[in-house]
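Written out below as structure tokens is the structure these notes cover.
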Amino acid sequence: DSGVTQTPKHLITATGQRVTLRCSPRSGDLSVYWYQQSLDQGLQFLIQYYNGEERAKGNILERFSAQQFPDLHSELNLSSLELGDSALYFCASSVGADPATDTQYFGPGTRLTVL
Amino acid sequence: ILNVEQSPQSLHVQEGDSTNFTCSFPSSNFYALHWYRWETAKSPEALFVMTLNGDEKKKGRISATLNTKEGYSYLYIKGSQPEDSATYLCASPLYNQGGKLIFGQGTELSVKP
């Protein structure tokens, strides 16, 4: 158990809908990262927040957005869902702001299925 | 090499065998190299973060080496056990990517009793 929690564990929804994935980092960690794992794709970095501020952005679609709240939990919002958005979404956290050298601790993931 | 690549894609060994696999990354503007272990139905677990050329790290029966000049890292498992069965991922922040990690596709290790 990494200490990172994610809810829900599974989510099934329809195309065109909007969902929110939630992540609570390890106690004391200030950075939260979101990753997407699709079929036949490696882990793809989406976005990083550090202490409430957006720190780094990957190839995150415009239909996706995220935020980190004052209590440091983070939410990833996915809207106008398409079949191709079906994937495993991981949240990770680290103590500092540098994703290059900080150890990242991964949560259990949310499996999103878009029908 | 413009990306992070891992080989082999999969590996099947017998219990007790020692094994190793490779992660290749761009050698120019190297910053760091991460190794993760990912068991089925679980989340990736951090093994090592390596930054210095020639660095060698060890965790139990698992060790890793780093050659930043030629752009590769080896992960070794000594005396493989069935519980070592997992996908081993490496990741590196590529130049001009703002430090964000680029993951390889992983090496899937299966250890048969």
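The values are calculated or read from the model by the stated rules, or taken from the named source; none is laboratory data. Only a predicted model underlies this, so the values are computations on that prediction, with no experimental measurement involved. All Cβ positions, even for glycine, are placed from backbone atoms using ideal geometry, and neighbour counts span all protein chains on display.
With respect to the conditions (1) closer than 30 Å to A:Thr5 by Cα; (2) more than 16 Å from the chain's Cα centre (by Cα), B:Gln14 lacks only one, and its number is (1).
Inside region A:82-106, residues that are more than 8 Å from every other protein chain (Cβ to nearest Cβ) and β-branched (Val, Ile, Thr) make up a count of 1. Return yes when B:Gly71 is more than 14 Å from chain A (Cβ to nearest Cβ), touching a strand residue (DSSP E or B) at 6+ places or on another chain (Cβ under 8 Å), at positive phi and at pLDDT below 95 and no when it is not. Yes; evaluated as a whole, the condition is true for this residue.
Name the residues in region B:9-35 that are under 15 Å from B:Val111 (Cα atoms) and not in a strand (DSSP E or B), would you? Scanning region B:9-35 gives B:Gln9, B:Glu15, B:Gly16, B:Asp17, B:Ser18.
Would you point out which residue out of A:Gly42, A:Gly96 is free of Cβ contacts under 8 Å to residues at least 24 places away in the same chain and within 22 Å of B:Ala32 (Cα to Cα)? Only one candidate qualifies: A:Gly42. For region A:22-40, indicate whether the set of residues that are away from chain B (no Cβ under 11 Å), of a type in the set (S, T, N, Q) and out of contact with any strand residue (DSSP E or B) (no Cβ under 8 Å at 6 or more places or on another chain) is non-empty. Checked region A:22-40: at least one residue is away from chain B (no Cβ under 11 Å), of a type in the set (S, T, N, Q) and out of contact with any strand residue (DSSP E or B) (no Cβ under 8 Å at 6 or more places or on another chain). No other residue among A:Ala87, A:Ala66 is closer than 14 Å to A:Tyr33 by Cβ and hydrophobic (A, V, I, L, M, F, W, C) apart from A:Ala66. Of everything in region A:1-17 that is surrounded by 12 or more Cβ atoms within 10 Å (Cβ to Cβ) and under 20 Å from A:Ser93 (Cα atoms), the residue that is modelled with the lowest pLDDT is A:Ser2.
Give the residues of region A:39-81 that are among the polar types (S, T, N, Q) and assigned to a strand (DSSP E or B), sorted by residue number. Matches in region A:39-81: A:Gln44, A:Gln48, A:Ser65, A:Gln67, A:Gln68, A:Ser74, A:Asn77. Kindly establish whether B:Pro93 is at pLDDT below 95, within 14 Å of chain A (Cβ to nearest Cβ) and out of contact with any Pro (no Cβ under 9 Å at 6 or more places or on another chain). Judged against the criteria, B:Pro93 is not a match.
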